[in-house]
Amino acid sequence: MVTDKSSAIVNKLRKVSTATIATCLFKKGLKNQFIQGVQPLKKAKPTMAGTAYTLRYIPAREDLNPIEVFKSPEHPQRVAVEECPMGSVLVIDSRKDARAASAGSILVTRLMQRGAEGIVTDGGFRDSAEIATLDFPAFHQTPSAPTNLTLHQAIAVNEPIGCGDVAVFPGDFIVGDDDGVIVIPHNIAGIVAEECLRMTLYEEFVMEKVNQGSPIIGLYPLTDENLKIEYEQWKKRK
């Protein structure tokens with residue numbers, strides 16, 4: 001659930017890149033927060049940022065996953081779509097198996113209409129071209145036409161999962177851009193957001209200097225005393 005406090009954090013995270021967040025987390029000893037093998041269905045969309053709401057799949061067993069299971073109002077995949085809170089990102093543990101779809105355009109559209117922030121799976125989506133046209137961030141491994149029931153059994157909603165080799169706990173902060181998706185532990189998200197804003201501001205200064213012909217040594221990282229003074233003056237003009 002997105003609270004006023006988490007909304008403030010989300011608004012800050014929208015202004016920074018996953019690359020900057022990854023560096024910030026690395027400085028804090030967290031090296032494995034970038035979801036592996038996941039990419040946006042369509043690039044150049046606004047940055048996705050929200051809190052994690054999770055769905056977990058296990059390997060499907062044929063006697064438990066006939067097409068009729070979708071008729072149940074308690075089917076976990078359907079429940080996840082109908083209960084994912086506004087402003088949250090639905091993160092799906094598909095065991096990195098994209099041979100069957102994690103979801104399709106109808107469910108993704110429903111999430112969008114309910115005010116979710118985005119959707120991520122380490123598997124694949126069916127109707128991927130249609131999903132790509134939606135005004136809704138979606139990240140997956142690769143398109144996949146078969147229904148999820150052929151290989152995936154939806155088993156649990158909003159519990160800790162693994163997605164692309166990253167642990168995702170409900171309430172963690174999820175950020176996605178053209179590089180991919182990164183997970184920020186909820187207990188340090190506020191600190192990370194603030195640090196990343198400062199890092200982003202400094203990187204803007206660095207890019208200006210580099211475009212003006214400045215060398216990297218002494219600038220990135222900032223060790224040159226004269227450049228430190230110049231940066232402080234530059235910040236005052238911003």
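Of note:
- When R110, R78 are compared by accessible surface with a 1.4 Å probe, the order from highest to lowest is R110, R78.
- Working from label points 7 Å from Cα in the Cα-to-Cβ sense, the L30 to E208 distance is 3.0 nm.
- Cα convex hull of region 86-193 - mean projected area over all directions, nm²: 6.7 nm²
- Subtracting the Cα-Cα distance of L64 and R14 from 0.36 nm times their residue separation leaves 13.9 nm of extension gain.
- Note on region 143-238: along the principal axes its Cα atoms extend 62, 31, 22 Å, ordered by decreasing extent.
- Folded to 0 to 90 degrees: helix 18-27 orientation relative to the chain principal axis, Cα: 70 degrees
- Relative to the longest principal axis of the Cα atoms of the chain, the long axis of helix 189-211 lies at roughly 50 degrees.
- Helix 225-237 vs. the chain, principal-axis angle (Cα, 0 to 90°, nearest 10): 70 degrees
- Using R0 = 35 Å, the C-beta based FRET efficiency linking R198 and K42 works out to 0.70.
- Given a 1.4 Å probe and the protein chains as shown, D165 ends up with an accessible area of around 90 Å².
- Note on the chain: with a GNM built from Cα contacts shorter than 10 Å, the maximum mean-square fluctuation among Q36, Q141, Q113 falls on Q113.
- Taking the chain as a Gaussian network of alpha-carbon nodes connected by springs under 10 Å, the highest mean-square fluctuation of the residues K42, K15, K27 belongs to K27.
- Whether the chain is rounded, prolate or oblate, judged on the alpha carbon gyration tensor where a/c under 1.5 counts as rounded: prolate
- Taking every protein chain into account, the accessible area of the chain amounts to 50 square angstrom per residue (probe 1.4 Å).
- Virtual spin-label span in nm between Q113 and E83, 7 Å along Cα→Cβ: 2.1 nm
- The GNM of the chain, with springs linking C-alpha atoms under 10 angstrom apart, assigns the highest mean-square fluctuation among F205, F125, F169 to F205.
The values are calculated or read from the model by the stated rules, or taken from the named source; none is laboratory data. The structure displayed is predicted, hence computed values, not measured ones. Positions of Cβ are generated from backbone atoms using ideal geometry, with glycine treated the same way; all protein chains shown enter the neighbour counts. These accessible areas exclude ligands, DNA and RNA; they are computed on the full protein's heavy atoms, side chains included. Shrake-Rupley method; radii C 1.70, N 1.55, O 1.52, S 1.80 Å.
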